[in-house]
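J.: Below is the structure I would like to discuss, written out as structure tokens.
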Amino acid sequence: MSADPALKQKVAETVDRIAGELETLSLRIHGTPELAFKEVQAAAWLTEFLEKHGARVERGVGGLPTAFRATIGGRGAGPAIAIMAEYDALPGIGHACGHNVIATAGVGAGAAIGAALGQLPFAGQVQVIGTPAEEGGAGKVKLMDAGVFDDVAAAMMIHGRCGTQVWRPTLGIIKVKAEFFGQAAHASSWPWRGVNALNAVIGLFNALDAMRQQLRPDARIHGIITKGGEQANIIPEYTSAEFYLRSTSVAYCWELLRRFTAAAEGAAAATGCRTSVTHDPTVHEPLKANPTMAGLFARNLELIDFPEDPDDGQAGYGSTDCGNVSQRLPTIHPYIRISPDGVPGHSREFAEWARSPLARTGMVAGAKALALTALDLLASPDALEQARRDFAQGEAGV
Ligand SMILES: [Zn+2]
Ligand SMILES: [Zn+2]
């Protein structure tokens, strides 16, 4: 069920050999945070690196200018194993999700295979797929819709966190926007002639906070006011807020949307406003587990002496557009330690760890484990077949 140990050792050693270059690349991306769909420099640097190590690179795949696909071919036609790389940053807090590490681990895996082997000694191919806009744009969904994953047999990536866990669930999301329409008036001389849309949006937040007690424990509702008014001496005539409605099941996300809409309508009625609730057509789906691929990945972590950590159960779950990939084909999304215990993602502290020596160690381990797992799947048709069976039998969670 696994590739030749000598072959795996050669690829792992090649990751060590290029680790310095990979870290330089990781720090460069970290120091130049680019937002969703605007990852121009990161995409340029990553593709240049892959080309240098023998991969055949296609830029702008799937109609997304900052997406790419780098292919390392094998002996004849066969399955394609995709290693996904993310490289977008967060607004205001930079690489606080550590996507610079995801990018260089993924690209490092492909580059090491290319540099060590030139051509794969079996049928099929490894593809490194550069997937823009994980934070907010669901780039992977756009790439799937454009057919970029049509020929992919199995897909994998790593994500940094405060511990190494091959499997952790993620939540589905419906992204929703509530707008309130009132009437402007002088806030001092004629306030009774106004209809206050800010009161409506505050009412919505309060209604949602009261609602939480009656929600399932896996549900998460969180939002921000994106427009709260123009100036303090004008009764706000227009306000808007954006929320994510999350749960382990997409069906329950729809139930949350139904309740959210009722809360917005209630807040509008209470203040005399009109409301409009619209949701993003792209729904994030929860990750579907693949025990066969997860098992191969975990064994490769042991092989390189970077074993899993026990999950301390202190943190909840996030979401990823990789969930949608996992609902279409066998996929894993393991977490690799790049910070000490207890450091939350999307924090300034995590952004600092994403450029630390610990991040380098995690990035190198991630690149090795991704590369070795891809080789295992191509070397053993049985392993890939079993991953396909896991996928067919697995709980969808949608
Ligand atoms: Zn994130
Ligand atoms: Zn992330």
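J.: Residues in region 326-359 that are outside any loop (DSSP other than H, G, I, E, B), more than 16 Å from ligand 1 (Cβ to nearest atom) and among the hydroxyl-bearing types (S, T, Y): how many?
T.: 2
J.: Then there's this: Here is a list: G342, G316. Which entry is out of contact with any strand residue (DSSP E or B) (no Cβ under 6 Å at 6 or more places or on another chain), within 16 Å of ligand 2 (Cβ to nearest atom) and farther than 19 Å from P33 by Cβ? Walk me through how you get there before you give the answer.
T.: Numbers: G342 fails: within 16 Å of ligand 2 (Cβ to nearest atom).
One residue alone meets the criteria, G316.
J.: Where residues in region 326-348 are of a type in the set (D, E, K, R) and surrounded by 15 or more Cβ atoms within 10 Å (Cβ to Cβ), which of them is farthest from C97 (Cα to Cα)?
T.: R328
J.: Using the structure shown, decide if A294 is in a loop (DSSP other than H, G, I, E, B) and either among the β-branched types (V, I, T) or under 14 Å from D390 (Cβ atoms) (or both).
T.: The answer is no for A294.
J.: Tell me which of these E302 doesn't satisfy, since it passes every other one: (1) in a helix (DSSP H, G or I); (2) surrounded by 15 or more Cβ atoms within 10 Å (Cβ to Cβ).
T.: Unmet condition: (2).
J.: Across region 99-118, which residue is nearest to ligand 2 (Cβ to nearest atom) among those that are of a type outside the set (A, V, I, L, M) and closer than 20 Å to P33 by Cα?
T.: Only one residue tops the list, namely H99.
J.: Which of the residues belonging to region 232-281 are part of a loop (DSSP other than H, G, I, E, B), crowded, with 17+ Cβ neighbours inside 10 Å and not acidic (D, E)? Walk me through how you get there before you give the answer.
T.: Taking region 232-281 first, the residues part of a loop (DSSP other than H, G, I, E, B) are 232-233, 235-237, 248-249, 272-273, 280-281.
Now narrow it down to the ones that are crowded, with 17+ Cβ neighbours inside 10 Å: 235-237, 248-249, 273.
Within region 232-281, I235, P236, T248, S249, C273 meet the criteria.
J.: Which number in (1) within 15 Å of ligand 2 (Cβ to nearest atom); (2) in a loop (DSSP other than H, G, I, E, B) marks the one condition that P310 misses?
T.: Only one criterion in (1) within 15 Å of ligand 2 (Cβ to nearest atom); (2) in a loop (DSSP other than H, G, I, E, B) is unmet by P310, namely (1).
J.: Regarding region 349-356, can at least one residue be identified that is among the polar types (S, T, N, Q) and open to solvent by less than 10 Å² (accessible area, probe 1.4 Å)? Talk me through it step by step, then tell me what you get.
T.: Filtering region 349-356 for residues among the polar types (S, T, N, Q) gives 356.
Filter once more, so that each one left must be open to solvent by less than 10 Å² (accessible area, probe 1.4 Å): none.
So far as region 349-356 goes, no, none of its residues is among the polar types (S, T, N, Q) and open to solvent by less than 10 Å² (accessible area, probe 1.4 Å).
J.: If you check G362, G323, which single one turns out to be open to solvent by less than 70 Å² (accessible area, probe 1.4 Å), touching a Phe, Trp or Tyr at 6+ places or on another chain (Cβ under 9 Å) and either of a type in the set (V, I, T) or assigned to a helix (DSSP H, G or I) (or both)?
T.: Testing whether each residue is open to solvent by less than 70 Å² (accessible area, probe 1.4 Å), touching a Phe, Trp or Tyr at 6+ places or on another chain (Cβ under 9 Å) and either of a type in the set (V, I, T) or assigned to a helix (DSSP H, G or I) (or both) leaves just G362.
J.: Do we find that I225 is within 34 Å of the chain's Cα centre (by Cα), more than 16 Å from ligand 2 (Cβ to nearest atom), open to solvent by 30 Å² or more (accessible area, probe 1.4 Å) and among the β-branched types (V, I, T) in this structure?
T.: Yes: the conditions hold for I225.
J.: Looking only at region 52-96, which residues are within 16 Å of ligand 1 (Cβ to nearest atom) and closer than 14 Å to V107 by Cα?
T.: M84, A85, E86, Y87
J.: Go through (1) touching a helix residue (DSSP H, G or I) at 6+ places or on another chain (Cβ under 7 Å); (2) open to solvent by 10 Å² or more (accessible area, probe 1.4 Å); (3) closer than 26 Å to A383 by Cα for G62 and report which single condition fails.
T.: Failed condition: (3).
J.: Can you tell me which of T282, T331 is in contact (Cβ under 8 Å) with a residue 24 or more places away in the chain, away from ligand 2 (no atom under 16 Å from the Cβ) and of a type in the set (S, T, N, Q)?
T.: T282
J.: Could we say that M156 is more than 16 Å from ligand 1 (Cβ to nearest atom) and in contact with a His (Cβ under 8 Å, 6 or more places away or on another chain) here? Write out each step before concluding.
T.: Values: more than 16 Å from ligand 1 (Cβ to nearest atom): yes; in contact with a His (Cβ under 8 Å, 6 or more places away or on another chain): yes.
When the stated conditions are applied, M156 passes them.
J.: What pairs come up if the first residue lies in region 246-272 and is aromatic (F, W, Y), the second is open to solvent by 60 Å² or more (accessible area, probe 1.4 Å), and their beta carbons are under 8 Å apart, counting only those six or more places apart or on different chains?
T.: Y252/R216
J.: Could you tell me which numbered condition F122 fails, if it satisfies all but one of (1) open to solvent by less than 40 Å² (accessible area, probe 1.4 Å); (2) away from ligand 1 (no atom under 16 Å from the Cβ); (3) assigned to a loop (DSSP other than H, G, I, E, B); (4) more than 30 Å from A3 (Cβ to Cβ)?
T.: Condition not satisfied by F122: (4).
J.: Also: Within the set of pairs 6+ apart or on separate chains, which have a first residue in region 117-144 that is farther than 10 Å from M84 by Cβ, a second that is crowded, with 23+ Cβ neighbours inside 10 Å and of a type in the set (F, W, Y), and C-beta atoms under 9 Å apart?
T.: Cβ pairs passing all conditions: P132/Y87.
J.: What about H333, is it closer than 22 Å to A138 by Cα and in contact with a His (Cβ under 8 Å, 6 or more places away or on another chain)?
T.: So H333 passes the test.
J.: Still on this structure: Against the condition open to solvent by 10 Å² or more (accessible area, probe 1.4 Å), within 16 Å of ligand 1 (Cβ to nearest atom) and farther than 18 Å from M156 by Cβ, how does L117 come out, does it pass?
T.: Numbers: open to solvent by 10 Å² or more (accessible area, probe 1.4 Å): yes; within 16 Å of ligand 1 (Cβ to nearest atom): no; farther than 18 Å from M156 by Cβ: yes.
When the stated conditions are applied, L117 does not pass them.
The values are calculated or read from the model by the stated rules, or taken from the named source; none is laboratory data. Treat the numbers as computed from the prediction; the structure is a model and nothing was measured. Glycine gets a Cβ as well: all are built from the backbone with ideal geometry, and neighbour counts include every protein chain shown. Please note that ligands, DNA and RNA were not included when accessible areas were found on the heavy atoms of the full protein model with its side chains. Shrake-Rupley method; radii C 1.70, N 1.55, O 1.52, S 1.80 Å.
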